[in-house]
Amino acid sequence: LILGWTVLRRALDLSGKLYIFHDPELFWVAFVLLMTGKKVVFDSHENLPMQILQKPWLPRPLRWILVPIVSFGLWLGTRIISGVITARAATISMFPAHNTIVIQNFPADEALEVSQRGKPVQTRRNVVIYAGGLFRVRGIRELVDAFRGLQDIAELWLVGEFEEED
């Protein structure tokens, strides 16, 4: 809640015309910005209601109670704001068709072109790069386990911050 007030204060100080947020707990900030005449877009990266089921810090029975509540809140909130960006076509049906767009994160042509420079691809070492939050809920433990014993085949590069020290 404190972070929300900080975000709202900073957003109002910036006097922008368009604000994009991805944290669902900031929907109330989005509504305030809308009331001041700003355009606000929700950037949805995952299936939020189903993600609730994977929160280990929530008691299991509470997770099942929260799923329909979060689903309804997301349904209502995304019909009030200016627009929705989703990264996955599989989740587009969760949002209003008139103000939702899918923007998938693929490498730019320039990045693919750069990857073709240097040694021929078939002679290079296989490297898999995971960039982002290194969280249990995102399967980081399973990813690391999958690469155990594959040192002769491929390297796994982890780029990001771990959720837990262990």
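The values are calculated or read from the model by the stated rules, or taken from the named source; none is laboratory data. Just so it is clear, the structure is predicted and the values come from calculations on it, not from any experiment. With ideal geometry, Cβ positions are generated from the backbone for all residues, glycine too; neighbour counts draw on all protein chains shown. Note: accessible area is taken over every heavy atom of the protein model, side chains too, but ligands, DNA and RNA are not part of it. Shrake-Rupley method; radii C 1.70, N 1.55, O 1.52, S 1.80 Å.
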Q) Which whole-Hz couplings ³J(HN,Hα) result when phi for each residue of region 11-25 is put into the Karplus expression 6.51 cos²θ - 1.76 cosθ + 1.60, θ = phi - 60°, listed in order with x for Gly and Pro? A) 4, 5, 5, 6, 6, x, 9, 9, 10, 10, 10, 10, 8, x, 5
Q: On the full set of protein chains, 1.4 Å probe, figure out the accessible area of Glu25 and give it in Å² to the nearest 10.
A: 120
Q.
Apply the Karplus curve 6.51 cos²θ - 1.76 cosθ + 1.60, θ = phi - 60°, to the phi angles in region 40-50 and return the couplings in whole Hz, x for Gly and Pro.
A. 9, 10, 8, 9, 9, 8, 9, 7, 4, x, 6
Q: Could you name the lysines whose alpha carbon sits less than 23 Å from that of Lys38, not counting residues in the same chain fewer than 8 places away?
A: Lys17
Q | Vicinal HN-Hα couplings computed from phi for region 113-125 (Karplus, 6.51 cos²θ - 1.76 cosθ + 1.60; Hz; Gly/Pro x) | A | 5, 4, 5, 8, 7, x, 4, x, 3, 5, 9, 7, 6
Q: Pull up all non-local amide H partners of Tyr19: gap of 5 or more, or a different chain, and H-to-H distance under 5 Å with H placed in the peptide plane.
A: Lys39, Val40, Val41
Q: Could you compute the FRET efficiency for Phe31 and Arg124, with r as their C-beta to C-beta distance and R0 at 45 Å, rounded to 0.05?
A: 0.35
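Which FRET efficiency value, to the nearest 0.05, is calculated for Leu76 and Lys55 with the Förster distance at 25 angstrom and r the Cβ-Cβ distance?
Efficiency for this residue pair is about 0.70.
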Q) How much length is gained on full extension from Asp23 to Glu142, taking 0.36 nm per residue of separation minus their Cα-Cα distance? A) 40.3 nm
Q) Over the chain, what relative contact order in percent results from Cα pairs under 8 Å that are six or more residues apart? A) 15
Q.
Quick query: amide H of Thr100 versus all other amide H atoms, modeled in the peptide plane; which residues come in under 5 Å with a sequence gap of 5 or more or a different chain?
A. Val84
**Q.** Only Lys, Arg (+1) and Asp, Glu (-1) charged, at Cβ; region 75-147 dipole about Cα centre in debye
**A.** 220
Q) Roughly speaking, what is the centre-to-centre gap between region 105-166 and region 20-68 when only Cα atoms are used, to the nearest Å? A) 28
Q: Pairs of Cα atoms under 8 Å, at least six residues apart: use those to get the relative contact order of region 64-141, whole percent.
A: 19
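Which value in deg cm²/dmol, rounded to the nearest 500, describes the helix-derived mean residue ellipticity at 222 nm for the chain, given -39,500 (n - 2.57) per DSSP H run of n ≥ 4 and division by the residue count? If you can, show how the numbers build up before the last one.
Values: 6 runs with 63 residues, N = 166.
That calculation yields -11500 deg cm²/dmol at 222 nm.
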Q) Plugging the Kirkwood radius over Cα pairs into Stokes-Einstein for the chain, at a temperature of 25 °C and a viscosity of 0.890 mPa s, what D comes out in µm²/s? A) 128
